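The values are calculated or read from the model by the stated rules, or taken from the named source; none is laboratory data. What you see is a predicted model; the values in this text were computed from it and never measured. Neighbour counts run over all protein chains shown; Cβ positions are idealised from the backbone, glycine included.
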Amino acid sequence: MEPFAIRDIRVEGLQRISAGTVFNYLPVKVGDTLTEKKSQDAVRALFKTGFFRDVQLEREGDVLIVTVVERPSIAGIKITGSRDISEDDLKKSLKDIGLAEGRVFNKSLLDRVEQELRQQYFSRGYYAVIIRPTVTPLERNRVDLNIEVIEGKVARIREINLVGNQLFPDKKLLNLFTIGPKSWYAVFSSRDKYSKQKLAGDLERLRNFYQDQGFLEFNIDSTQVSLTPDKEKIYITVNITEGKKYFVMGYKLSGTFPVPERVLHELISIGPGDVFSRKAVTETTKKISDRLANDGYAFANVNAIPDVDKDKSEVFFTFFIDPGRRIYVRRVNFAGNIVTRDDVMRREMRQQEGGWYNAEKIQRSRVRLQRLGFFDDVNVETPTLAGVADQVDVNINVKERPTGNLLLGVGYSDSDGVLFNASVTQSNLFGTGKELSVSFDNSASTRNYNIRYVNPYYTKDGLSRGFNIFSSTIDAALADTAAYTADSQGVGVFFGIPLSEENKVDIGADVEQIDLHVNSASAQVAQDFVALNESSNTVLKTTLAWSRDTLDSLLLPTSGTLQRVSAEIALPGTDIEYYKLTYLAGRYWPLSPTYTFKIKGELGYGSGYGDQATLPFYKNFYAGGSSTVRGFSSRSLGPRDTLPPNDPIGGNRRVLVNAELLFPLPGASADEKSMRLSFFTDGGMVYGPGEKVDLGQLRYSAGIAFNWFSPVGPLSFSYAIPLNDKPGDRKESFQFTLGVPLR
């Protein structure tokens, strides 16, 4: 084509695409001189759009004619035969590579389609998968795309062979792997399902194991993954070189020390003569970094530089410290708190605006926000500021949980049976952090009315104050304990005094009017009490408690400790003079990101004083049931009344122990923090006045439990088997509670 000046441009062959789109991509315009090079550039530009399968340029006088043949559009995509991966998920992966309904169809994409889908199935162990795409032309330059998937069988790991290990047996090393042949009884296990990512993680665990045992030069020489011809069995061979065992010759600190050097020496976990451990070295660098971060050096760099003496099998470490700039916090920002006011969250912050960055205070602030009970999740980020080297913001993003509800419904407790309840509760009243509840509970044995109000920040220093007004009627016989009835009404006030971040003192005072009703059918213990005391008594009592709480969450903790010493004392001069003392201690250990081990113990003691010789029987401790020793009927353990039917009467001393392994519900999402399962062992017993506290009499049980903070309230299921029940014990394996607090 001879060069010519373009007087006009005409586009032919368009069906769906507008002429404006062609002109937009065309690199020549009216008035330009069309040369051979510009013609080639124009054709290349239009092909590059992907809209056309043919482009031709022709000249008609001074008019440039652009003739195009559009590629067909995709009318529909249908995927058949996919069982392990949903059709929606497969379509999403295809859309990511440019294949979706309504888009232009390009045959070159079919190879990418097959490759993408094959990779999707390979990642799930389907190595025999067959992908067959079929293109069906339709009218109006459209096509249907049908993709047939023949999944085949999942390839299973048949064997993992370790070559080169002499110091440790195969069994010990293969226990480090999360993948491998599964046992015949592990029906639901996916251990034998191959995953490249999991194998990489297992090899890293193997490397860590050796290097933590002193084998500095341990090396994984090669890894072979072999697939049998039928693509159903996988054999993995790992070749390793163990090397020699190294010992630590010594260490020194180098670089800049913004804190006293002796403080840094105290953080070092290795010393001369120790077996080399990569874990200990890593922990040391982390401890030093964390310590510097508490003094504002948020981005300190600590490197452990080894000096290896191969002849002596020794290594000397130099910990080089580069603290970087000292960082301070510009602002603390909150997001996600739709109901909760900023000032309610800000008063829990221990990291202040304008202060030096302190990693420990930021972490403590996060824990305090979690412990409010208003949020399902609390995330903290500390982004740097653009163009500013020594400032960060602290961004707190929360996910609020419902803190108020109007509840009209039915619950169940193994101790009280069916519960009819009505309550209006708001633990975050108008977003102020204050609590107000009005409730009514009615069961076969108990009727309760209660009004409660708590202001957790009565003073700016964190002194809390609350009030409660209560009234109850109890028919103990219907709760399967010693028969009597009682009416009580009262009012109380209580204060919480923070002594430190983790220590608190609670003080309260109640005035309670108690009216007992007994007759000849009542329990002997109730008749004896009324014979020695008035049936109507007014009690002025005080409650004192000290607690140390380092738990990371109010709802479902995973780490920390809890200790509590409490006393309930009827003041001298009231109708009934008694006291009750309780000591509770518990601890949570995070075994992994998902598993937590918990242990808890409780001791209780009560007695009378003055004219009252013993603890009033209606103040006794009880054991058995979902809140004490599961697997035994509620309140059933311990002394019994002397009159038939010899119902339990509780005791003035109690011993409880509990151990649990807590873990998430299988299949639950990673951010699900309102429910979990546990394997548990419970133990406990109560003892009456004059009885010896014999720990050999403790009853034990073991089982599995499910706890859930559901939208309608706490819910707990448990199934327990008594381990050492005695004749006469009341057993109850399945127990659940709904609408009453969890353990």
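Let's see how each residue does on (1) modelled with pLDDT of 95 or more; (2) surrounded by fewer than 21 Cβ atoms within 10 Å (Cβ to Cβ); (3) in contact with a helix residue (DSSP H, G or I) (Cβ under 9 Å, 6 or more places away or on another chain); (4) outside the structural domain of residue 208 (by TED's automatic domain parsing):
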position: 288; (1), (2), (3), (4): yes, no, yes, yes
position: 295; (1), (2), (3), (4): no, yes, no, yes
position: 298; (1), (2), (3), (4): no, no, yes, yes
position: 312; (1), (2), (3), (4): no, yes, no, yes
position: 315; (1), (2), (3), (4): yes, no, no, yes
position: 318; (1), (2), (3), (4): yes, yes, no, yes
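Within region 690-729, the set of residues being assigned to a loop (DSSP other than H, G, I, E, B) and either among the aromatic types (Phe, Trp, Tyr) or modelled with pLDDT under 90 (or both) comprises 690, 711, 712, 728. Scanning region 498-526 for residues that are of a type in the set (Gly, Ala, Ser) and not in a loop (DSSP other than H, G, I, E, B), we see that the one that is surrounded by the most Cβ atoms within 10 Å (Cβ to Cβ) is 526.
For region 247-282, a residue qualifies if it is of a type in the set (Asp, Glu) and either in contact with a strand residue (DSSP E or B) (Cβ under 8 Å, 6 or more places away or on another chain) or at pLDDT 95 or above (or both), and the qualifying residues are 261, 274. Among what's in region 230-244 and is assigned to a loop (DSSP other than H, G, I, E, B) and within 19 Å of residue 161 (Cβ to Cβ), pick the residue that is modelled with the lowest pLDDT. Taking the candidates together, the pick is 232. Residues of region 218-228 that are in a loop (DSSP other than H, G, I, E, B) and either in contact (Cβ under 8 Å) with a residue 60 or more places away in the chain or polar (S, T, N, Q) (or both): 228 alone. Of the residues examined, residue 266 is not one that is farther than 19 Å from residue 318 by Cβ and of a type in the set (D, E, K, R). For region 613-628, the set of residues classified as aromatic (Phe, Trp, Tyr) and either not assigned by TED's automatic domain parsing to the domain that holds residue 514 or not in a loop (DSSP other than H, G, I, E, B) (or both) consists of 617, 618, 621, listed by residue number.
Of all residues in region 570-588, those being part of a loop (DSSP other than H, G, I, E, B) and either among the aromatic types (Phe, Trp, Tyr) or crowded, with 17+ Cβ neighbours inside 10 Å (or both) number 3.
Name the single residue, out of those in region 677-689 being crowded, with 17+ Cβ neighbours inside 10 Å and modelled with pLDDT of 95 or more, that is farthest from residue 665 (Cα to Cα). Out of the qualifying residues, it is 687.
Evaluating residue 610 against the criteria (1) assigned to a loop (DSSP other than H, G, I, E, B); (2) at negative phi; (3) surrounded by fewer than 17 Cβ atoms within 10 Å (Cβ to Cβ); (4) more than 42 Å from the chain's Cα centre (by Cα) leaves one unmet condition, (2). Taking the options 658, 646, name whichever one is in a loop (DSSP other than H, G, I, E, B) and either touching a strand residue (DSSP E or B) at 6+ places or on another chain (Cβ under 8 Å) or free of Cβ contacts under 8 Å to residues at least 24 places away in the same chain (or both). Residue meeting the stated conditions: 646.
For region 410-469, residues that are modelled with pLDDT under 85, more than 26 Å from residue 485 (Cβ to Cβ) and part of a strand (DSSP E or B) total 3. The set of residues in region 589-607 being in a loop (DSSP other than H, G, I, E, B) and in contact with a strand residue (DSSP E or B) (Cβ under 8 Å, 6 or more places away or on another chain) consists of 591, 594, 595. I'd like to know if region 486-493 contains one or more residues that are closer than 30 Å to residue 657 by Cα, touching a Gly at 6+ places or on another chain (Cβ under 8 Å) and modelled with pLDDT of 90 or more. No, every residue in region 486-493 fails to be closer than 30 Å to residue 657 by Cα, touching a Gly at 6+ places or on another chain (Cβ under 8 Å) and modelled with pLDDT of 90 or more. Within region 272-301, the set of residues being over 29 Å from the mean Cα position of the chain (by Cα) and not small (Gly, Ala, Ser) comprises 272, 274, 275, 276, 295, 297, 301. Quick one: is residue 613 among the small types (Gly, Ala, Ser) and without any contact (Cβ under 8 Å) to a residue 40 or more places away in the chain? In short, yes. Just one of the numbered conditions (1) among the hydrophobic types (A, V, I, L, M, F, W, C); (2) surrounded by fewer than 17 Cβ atoms within 10 Å (Cβ to Cβ); (3) in a strand (DSSP E or B) is not true of residue 167: (3).
Residues in region 112-127 that are surrounded by 14 or more Cβ atoms within 10 Å (Cβ to Cβ), more than 12 Å from residue 81 (Cβ to Cβ) and either free of Cβ contacts under 8 Å to residues at least 24 places away in the same chain or touching a helix residue (DSSP H, G or I) at 6+ places or on another chain (Cβ under 9 Å) (or both): 112, 113, 114, 116, 118, 120, 122, 127. Can you work out which of the residues in region 632-658 that are surrounded by fewer than 24 Cβ atoms within 10 Å (Cβ to Cβ) and among the charged types (D, E, K, R) is farthest from residue 693 (Cα to Cα)? Going through the qualifying residues, I end up with 647.
Among the residues of region 79-110, those that are touching a residue at least 60 places away in the same chain (Cβ under 8 Å) and loosely packed, with under 13 Cβ neighbours inside 10 Å comprise 80, 83. Do we have any residue at all in region 32-46 that's farther than 21 Å from residue 145 by Cβ, basic (Lys, Arg) and surrounded by 13 or more Cβ atoms within 10 Å (Cβ to Cβ)? Yes, because at least one residue in region 32-46 is farther than 21 Å from residue 145 by Cβ, basic (Lys, Arg) and surrounded by 13 or more Cβ atoms within 10 Å (Cβ to Cβ).
Within region 229-263, the residues that satisfy the criterion of being touching a residue at least 60 places away in the same chain (Cβ under 8 Å) and either of a type in the set (Gly, Ala, Ser) or closer than 29 Å to residue 325 by Cα (or both) are 250, 251, 252, 253, 254, 255, 256, 257, 258.
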